[in-house]
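The values are calculated or read from the model by the stated rules, or taken from the named source; none is laboratory data. Just so it is clear, the model here is predicted, and its values are computed rather than measured. Cβ atoms come from the backbone with ideal geometry, glycine included; neighbour counts cover every protein chain shown. We work out accessible area using only protein heavy atoms, side chains counted, and drop any ligands, DNA or RNA first. Shrake-Rupley method; radii C 1.70, N 1.55, O 1.52, S 1.80 Å.
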Amino acid sequence: MSKQLSIIFIGILFWLLFVSALFGGDAFWGLNFSSFLDSSTQITLFALALFFICFTQYLPSNFSPVKNEKITSRFLRFGFLTAGFLLLYSFPIFENVYGDSVQLLSRMGESTTAYSQKYIFALFSLDITNPKLGNLTVLSLVRLLSYGFDISHLAAFQVIGIVSGLLFFNISFSFIHQKIKNRLLQIALLLVVLLSPFNQLFLGHAEIYAPAFPTVAWYLLSLKSSFDTPTKKKIILLILSFILCVKFHYLFILLFPTLLFALLTLTNSEKAKRVLTWRFLSKFLLLPIVLIGVSLYLFVFKDFNDPRFLSPEVNLYDRLFLPVVSPKAPLNHYNLFSLNHLFDFFNISFLWSAVSLFLLLVFSLFYVKKINWNQPILVSTGFLLLLFSMVFFAFNPLLSMPMDFDLFSLAAPFLLFFSFFIVEQIQTEKLAKSISGPLVGISLFSIAIFACNHQKDSLSLRMESIGKHVFKSYWIRSAGDIQLGLNLVKEQPEEFLNRSIEVVEELKPFALEGNDLEYATLLWSVGKEYRKQNEYSKALGFHLKSLNYSEKIPANYIGLMESNYYLEDFNAAYHYSKELIRLQYPTEKRAYEIGVDCALKADDQQTALTWMKVHQSRWKTAQYTELIIQLEDN
């Protein structure tokens, strides 16, 4: 088999992987976006992808250098950025459900209506000792945009996303147009950039990560330029880009070694050549980093046997890394080397760049001896890719990896540009002809990502699917993930209820009776919906089941009390009202009011009298004053 046909075959294997994800269920959360779209879209998408993958051998074979005339360049750039803008403008996420976006929008409120100088200070702060510097920077920018243009915070996030995306596209275009000489390959790589999976972060996602991507792209290209022709001016620009990277997210402090590489290249190029090799870095940098990291993990953070459970009393920094030893059930399905975590990491790598994974596989099989792996930019970018991959592999995804994909996507630019730098180094007419078709074909699957997030029904189904996967693996917050999906169709009560029941039935075999807060929450939600429809007998059944899985849901006692009350089992309603008083839920005042009502219905006048006196000692009401007099007279 020729090399060209072998590359097509690998492209088809990637295509088959997406086909497998289409039917593979919830575990393929990083590849199965298309499964939530309508069948006609699925058929069109997969047919087009296969066509481009297999079309490679029929592409024009002429190798025509692109004329880098200013007018041509400006025209191409304008067309590319216009296409990018149309993509970003046309596919905003229907509802912010990923990451911390729900909490951010809730905490920040609708908009900022009053100016505060602290927003300016935070926006321009260079306090790199503050791990939350990125949050302060971006959220301050959001507030200033909201106040200055009288727009909502959500609209401000959308503006930041579009601008960040266009900057990323523009920076990427500069590299591709200047460094890639084959027109066909240029077009393919530009489409790869336009359809990168992480571009979903530019589509109205209300989080802090969007500005980091153009900044990191600028840093990597500045780093490359500093290696190619080192000058003081370029080093200054590189330092500025480094500072900006750290300002947008503290994790980019890990870029610092590569900044030192560039400084060494400027000051001592011969020594830099000896240092910037995989053998040297593996021995004197990567190995020490791994040993120090393992030592910190074992003896400082002590996360190897971490319970992984979060509560308001737990410091998030005490849960930074995944344990090696699984916690007790129901948290026992996820640890550092569990199959669930390994498969989640496999999924997230495809959300970094499926195309880059394809390219690296092709290069490692057919071009490994033709590549100068010790090229300074390849060593530096590859080092960063390994470093960020190791950190994220050990990192504890506090919201689960599918929900925290935005944070984990910060490694994506290193994977993308690592593959681009290799393409630049070995580009030939034959290579362009071999890989351009598969690049476009695999990139097309990102359309499913943008379309899925943009449409209400598909996003609802995806969130439900993610929640079910998380329930079977990471567990924490899985009920909330499922509810975020189901709530998108809440205006359709019948569909909402039917899907809710299907979820609890599907997850029942995986639930832990007596100690499963997430499953109990799902059962409580079904009971609550039945109460809304005045079907109290069915509601009671689900609230009782919920209690059987966890006694730690105060709202479930409301459901138990209310269902029994309307079914006129007042003794049972009275029993559960006592729990509400004990829990002071939903408020202490309201709990006593419910308790008094239920005690009177259950004919326990003495307890009702006691509770009314407690109530009156704190919140006087004329109604209780009269009732107390009547009961005492009796």
Subset of the stretch 79-101 (residues that are part of a helix (DSSP H, G or I) and either within 21 Å of the chain's Cα centre (by Cα) or of a type in the set (Ser, Thr, Tyr) (or both)): THR82, LEU87, LEU88, TYR89, SER90, SER101
Looking at GLN455 and the list (1) open to solvent by less than 10 Å² (accessible area, probe 1.4 Å); (2) polar (S, T, N, Q); (3) within 25 Å of ALA49 (Cβ to Cβ), which single condition is not satisfied? (1)
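Of a type in the set (Gly, Ala, Ser), outside any strand (DSSP E or B) and open to solvent by 20 Å² or more (accessible area, probe 1.4 Å), is that true of SER241?
Numbers: of a type in the set (Gly, Ala, Ser): yes; outside any strand (DSSP E or B): yes; open to solvent by 20 Å² or more (accessible area, probe 1.4 Å): no.
So SER241 does not fit the description; no.
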Hey, among the residues in the stretch 138-152 that are of a type outside the set (A, V, I, L, M) and not in a helix (DSSP H, G or I), which one's least open to solvent (accessible area, probe 1.4 Å)? SER152
The residue that is least open to solvent (accessible area, probe 1.4 Å), considering only those in the stretch 274-297 that are among the aliphatic types (A, V, I, L, M) and free of Cβ contacts under 8 Å to residues at least 40 places away in the same chain, is VAL275
Filter the stretch 233-276 for residues that are among the polar types (S, T, N, Q) and more than 34 Å from the chain's Cα centre (by Cα); which is nearest to GLU207 (Cα to Cα)? THR265
Could you please give the count of residues in the stretch 245-257 that are buried (at least 19 other Cβ atoms within 10 Å of the Cβ) and assigned to a helix (DSSP H, G or I)? 7
Looking at ASN571, ASN548, which one is in a helix (DSSP H, G or I), open to solvent by 70 Å² or more (accessible area, probe 1.4 Å), modelled with pLDDT of 95 or more and closer than 23 Å to ALA511 by Cβ? ASN548
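Does the stretch 349-369 contain at least one residue that is open to solvent by 40 Å² or more (accessible area, probe 1.4 Å), under 24 Å from LEU517 (Cα atoms) and touching a residue at least 24 places away in the same chain (Cβ under 8 Å)? Walk me through it before giving the result.
Step one: filter the stretch 349-369 for residues open to solvent by 40 Å² or more (accessible area, probe 1.4 Å), giving 357, 360-361, 364-366, 368-369.
Pick out the ones that are also under 24 Å from LEU517 (Cα atoms) and you get none.
No, because not a single residue in the stretch 349-369 is open to solvent by 40 Å² or more (accessible area, probe 1.4 Å), under 24 Å from LEU517 (Cα atoms) and touching a residue at least 24 places away in the same chain (Cβ under 8 Å).
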PHE343 vs. criteria in a helix (DSSP H, G or I) and open to solvent by less than 20 Å² (accessible area, probe 1.4 Å): no
State all residues of the stretch 526-544 that are open to solvent by 30 Å² or more (accessible area, probe 1.4 Å), without any contact (Cβ under 8 Å) to a residue 24 or more places away in the chain and within 11 Å of ASN556 (Cα to Cα); if no residue qualifies, say none. LEU544
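I need the full set of residues from the stretch 167-187 which are among the hydrophobic types (A, V, I, L, M, F, W, C) and either open to solvent by 50 Å² or more (accessible area, probe 1.4 Å) or modelled with pLDDT under 95 (or both), in order please. Lay out the reasoning, then the answer.
Going residue by residue through the stretch 167-187, those that are among the hydrophobic types (A, V, I, L, M, F, W, C) are 167-169, 171, 173, 175-176, 180, 184-185, 187.
Those that are among the hydrophobic types (A, V, I, L, M, F, W, C) and either open to solvent by 50 Å² or more (accessible area, probe 1.4 Å) or modelled with pLDDT under 95 (or both): LEU167, ILE180, LEU184, LEU185, ILE187.
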